[in-house]
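Heads up, the thing below is written out as structure tokens.
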Amino acid sequence: MEGWKNVAYDLRTIALLNPRLALMLAKGQPLAPRSYSMALTWDTVAPGVPIQNSLQERMYQDAWVTGFYYTIRAPLANAGSLFKLQVDTARKQNPYVNIDMRVEGPDRFEITNGYMPLENICDTNDVHRDLLNRGWVISRDQNLFVQAVLDRTLSDDEIPYTVWLTMTCLELSGCNLRAIGFQEAVCALRNMGLYPTPGA
């Protein structure tokens, strides 16, 4: 029973952020898990050099963003050392990388609202931060752009230094959220008791 309360709470939260998404979820729209990745690679040791990338794959469906996670690769750093695993783990937990994430297309929005430490928005494995109640959707005609800067000077053996970002999502199979009117979605959610009524 407690689980259903959480689902209802999330739907009400999402309804305020993205009524179209909330309506499709309330109607039981099929969801398919997928993930998309991109690499940000530095080949210089100097801090402050911006690196930018975007998703190279075309989105199959409108996708509800559920999380971001990252891994860091510096394959030449401490090569052959008995402590390489420990140093790599410390590097991953303290990346000193700041990122700016945004979605561009017909509906443009900022995810980070400027530069933010990588570990504040992403996690280091696929047990990622819960973003289910943010209501972020990337549609088939949008893309995710990431710009990143290093906040420290790399050592020579850390080059190349690569941050792999992975976005996890739930794709809404056979659904076109853009075809649903905003007011239409709000009215339908109010009728379901999932959207606050004026003056309530």
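No value in this document is a laboratory result; all are computed from the given coordinates. None of the values given here were measured: they were computed from a predicted structure. Every residue, glycine among them, receives a Cβ derived from its backbone with ideal geometry; neighbour counts consider all protein chains shown.
With r defined as the distance between the Cβ atoms of Leu17 and Thr162 and R0 fixed at 45 Å, what FRET efficiency is calculated, to the nearest 0.05? Working from the Cβ atoms, E equals 0.85. Expressed in units of 2.2 N^0.38 Å, where N is the residue count, the Cα radius of gyration of the chain is 1.20. Between Tyr161 and Trp42, the built amide H atoms are under 5 Å apart, and every one of these is 5 or more places off in sequence or on another chain. Which FRET efficiency value, to the nearest 0.05, is calculated for Tyr96 and Ser173 with the Förster distance at 41 angstrom and r the Cβ-Cβ distance? According to the calculation, E is roughly 0.55.
Remark: Ile159, Ile14, Ile72 ranked as Ile159, Ile72, Ile14, counting other beta-carbon atoms within 10 Å and listing the fewest first.
At full extension, Ile180 and Gln52 could sit 42.8 nm farther apart than now, given 0.36 nm per residue minus the alpha carbon distance.
Each Cα pair under 8 Å and six or more residues apart adds its separation to the average, and for region 31-174 the resulting relative contact order is 51 percent. Scalar couplings 3J(HN,Hα) for region 176-181, obtained by applying the Karplus form with A = 6.51, B = -1.76, C = 1.60 to θ = phi - 60°, are 10, 4, 5, 7, 9, x Hz; x denotes Gly and Pro. Calculated FRET efficiency, Gln86 to Asn191, Cβ-Cβ distance, R0 = 45 Å: about 0.20 to the nearest 0.05.
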